[in-house]
Amino acid sequence: MSRLKRVVYRLRQRLPFLNIWLAAAALTTNYFVQTFCQPVTWAALTLLAAFGAFLAWPWLTRAPKPVQYGAVFLQGVAFTICCYCVLFLQPATLIWTLLLAFLLFPLVSWVPVLFGLQILWRIGRSPLRGAWLVGLLGSLLLLPAQLWFYHEYQAIEGIATQLAQQHRLTTHNLAQRLPQTYVAERIVGMHFRYHTRVEFYDGWRPPLHDPLLGFSYFLRNHQDPLAVGPGEVDRVKLYQSLFPDRPLKPDCLCAHSHDGQTYRNWIP
């Protein structure tokens, strides 16, 4: 066996443990340094299931077939999450992190790329019959929810646009027109409850991250759906009017660095 083959063989033997280490490093970095903030409950559970299957896969190759197919399906979900992470971080960001490689922690932004490529390799070479189809179905699992969210997102943007055209875009008028729905709560809570795009230079950061909101915001070219014309909208007052039973300020932080702690000082 040549020296190169020995190195590749040893790397493959250690890759499952390296993946676990990389996942832990990414979670730790996200905890202390702002990137994706804290995922909302459904996103956290999806993340746990999808990447749990990804990390456990090397030990599931001899498991019963239903377990293997379930793991392939969840890895399809994980692949979609990896793609979302790359879109959220933006490819340009990934490139400049290479310039800061000497600091080591910026390189964790490449973890979604590495995991996504591994998932494609695993599913593509899996001996399981129809594994690629199962993985594809997993990758599309969140599509119906995203299509629904985006449709509602556009509808709410349409209400705000109509009010703006009538020169009636105010907090009071929006409170009268907007529905009290899941999507409306996410949109109204943007910028003080929900984080929508990567920021490296601000100190004050909304702590929660909903990928359905983040991707819809990306599809609209980062256009705020409530800032569509002249008129001032007080999001905090609007949120209080529409969702009086929900706290304005979540009891968590986007990051536990010095800058991230400034969220605790914010008084709604």
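Applying the set (1) among the small types (G, A, S); (2) in contact (Cβ under 8 Å) with a residue 60 or more places away in the chain; (3) farther than 30 Å from I187 by Cβ to G130 leaves exactly one unmet item: (2).
Looking only at the range 177-192, decide whether some residue is closer than 19 Å to Q90 by Cα and free of Cβ contacts under 8 Å to residues at least 40 places away in the same chain. Looking for residues that are closer than 19 Å to Q90 by Cα and free of Cβ contacts under 8 Å to residues at least 40 places away in the same chain, one finds none in the range 177-192, hence no.
Residue-by-condition table, conditions (1) among the acidic types (D, E); (2) modelled with pLDDT under 90; (3) in contact with a helix residue (DSSP H, G or I) (Cβ under 7 Å, 6 or more places away or on another chain); (4) in a helix (DSSP H, G or I):
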position: M1; (1), (2), (3), (4): no, yes, no, no
position: L22; (1), (2), (3), (4): no, no, yes, yes
position: T29; (1), (2), (3), (4): no, yes, yes, yes
position: T46; (1), (2), (3), (4): no, no, yes, yes
position: F51; (1), (2), (3), (4): no, no, yes, yes
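So, in the range 31-79, how many residues would count as being among the β-branched types (V, I, T) and over 23 Å from V113 (Cβ atoms)?
Applying the first criterion (among the β-branched types (V, I, T)) to the range 31-79 yields 33, 35, 40-41, 46, 61, 67, 72, 77.
From what is left, the residues that are over 23 Å from V113 (Cβ atoms) are 40-41, 61, 67.
Selection size over the range 31-79: 4.
If you filter the range 146-197 down to residues that are within 21 Å of A43 (Cβ to Cβ) and among the small types (G, A, S), you find that the one that is surrounded by the most Cβ atoms within 10 Å (Cβ to Cβ) is G189.
If the condition is being of a type in the set (G, A, S) and free of Cβ contacts under 8 Å to residues at least 60 places away in the same chain, then the range 51-77 contributes G52, A53, A56, A63, G70, A71. In the range 82-104 there is at least one residue that is modelled with pLDDT of 90 or more and within 13 Å of F51 (Cα to Cα).
The values are calculated or read from the model by the stated rules, or taken from the named source; none is laboratory data. The model shown is predicted, which means the values in this text are computed figures rather than measured ones. Glycine also receives a Cβ, built like all others from the backbone with ideal geometry; neighbour counts cover every protein chain displayed.
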